[in-house]
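Report on one structure; see the data block that follows.
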Amino acid sequence: MGVDATQERQQAHELLDMLPQEKLAAVRSLLEVMVEPLSRSLASAPVEEEEVAPETAAAIDRARASLARGEGIAHDEILREFGLGK
């Protein structure tokens, strides 16, 4: 491992140490998703047997349209929410 990778790991550990306990589970879940191959996640996902209710389908359509208009949450804002922003 190069110096840069070692420094990156050290910085990541330092950030983890600064996180409040209630946010650790969210970060752990994110790391698990990043480390585990997507194909394995998809293969172990349960098959959805329920149909999507019309209200839910409408909500999904509204959310997708909102994202298409660029109304999503900025990455920096998410980092600040988790106490990781500058």
With Cα atoms, 0 to 90° folded angle of helix 21-35 axis to the chain main axis: 80
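So which GluC sites (Glu not before Pro) in the chain end up in coil per DSSP with only 12 or fewer other C-beta atoms within 10 Å?
Details: sites: GLU8, GLU14, GLU22, GLU32, GLU48, GLU49, GLU50, GLU51, GLU55, GLU71, GLU77, GLU81; in loops: GLU48, GLU49, GLU50, GLU51, GLU71.
In loop regions of the chain (DSSP not H, G, I, E or B), the sparsely surrounded GluC sites (Glu not before Pro) are GLU48, GLU49, GLU50, GLU51, GLU71.
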Leading residue at positive end of dipole, the chain (Cβ point charges), from LEU67, PRO37, GLN10: GLN10
Does anyone have the angle between helix 3-18 and the longest principal axis of the chain? Alpha-carbon axes, 0 to 90°, nearest 10? 70
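As an exercise, find the ratio Rg/Rh for the chain from alpha-carbon atoms, using the Kirkwood inverse-distance average for Rh. Before the final figure, lay out the partial values.
Working: Rg = 17.9 Å, Rh = 16.6 Å.
Result for the chain is an Rg/Rh of 1.08.
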I need the fraction of alpha carbon pairs in region 1-44 separated by more than 13 Å, rounded to a whole percent. 65
Per-residue Cβ neighbour rank within 10 angstrom, fewest leading, VAL35, VAL47, VAL52: VAL47, VAL35, VAL52
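Charges only on Cβ, +1 for Lys and Arg, -1 for Asp and Glu: so what's the dipole of region 1-44 about the Cα centre, in debye to the nearest 20?
Working: 4 positive and 7 negative charges, 35 e Å.
Roughly 160 debye, rounded to the nearest 20.
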Note down the nm distance, to one decimal, between modelled labels 7 Å out along Cα→Cβ at SER41 and at ALA53. 2.7
With axes computed from alpha carbons, what is the tilt in degrees of helix 54-68 against the longest principal axis of the chain, rounded to the nearest 10 within 0 to 90? 50
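Rule-based calculations on the coordinates, nothing more; no lab input. Model, not experiment: these values are computed from the prediction. Note that each Cβ is placed from the backbone with ideal geometry, even for glycine, and that neighbours are counted across all protein chains shown.
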